[in-house]
Amino acid sequence: MVPLLGMLERRGLSLSDAEAGGFQELARAAQRCLACMDRNACIRWLKWQGRYGRAPLCPNTAYLERLKERRAAA
């Protein structure tokens, strides 16, 4: 399972927002997610809908923030 889609959703973003940011960037984000050594922490955090603390450190944090900023500016 790739938690990237769940992390998008938890930040109020959609797959369409990610696609609008560019398919190559989305592909790189998916690759980073697949290569992450702490993917299970994200899966657990998403399963519990973030009720027990902050999201784990994510290699896609900067990417997700850029998407959020782009969406707010639109």
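Every number in this text was worked out from the coordinates using simple rules, so none of it is lab data. Please read all numbers here as calculations on a predicted model, not as lab measurements. Cβ: placed from backbone, ideal geometry, glycine included. Neighbour counts: every protein chain shown.
Odds and ends about this structure:
- Mean Cα-pair separation over length for the chain, i.e. relative contact order, pairs under 8 Å, 6 or more apart, %: 40 percent
- Ordering 17, 38 from the fewest to the most neighbouring beta carbons within 10 Å gives 38, 17.
- Per residue Cα convex hull volume in Å³ - calculated over the chain: 82 Å³
- Sites residue 14 and residue 62, calculated FRET efficiency, Cβ-Cβ separation with R0 22 Å, nearest 0.05: 0.70
- Using the Cβ-Cβ distance between residue 37 and residue 2 with R0 = 22 Å, the FRET efficiency computed as 1/(1 + (r/R0)^6) comes to roughly 0.95.
- Shape category assigned to segment 31-74 from the gyration tensor of Cα positions, a/c cut at 1.5: oblate
- Projected label distance in nm at residue 52 and residue 72, using a 7 Å step from Cα toward the beta-carbon: 3.0 nm
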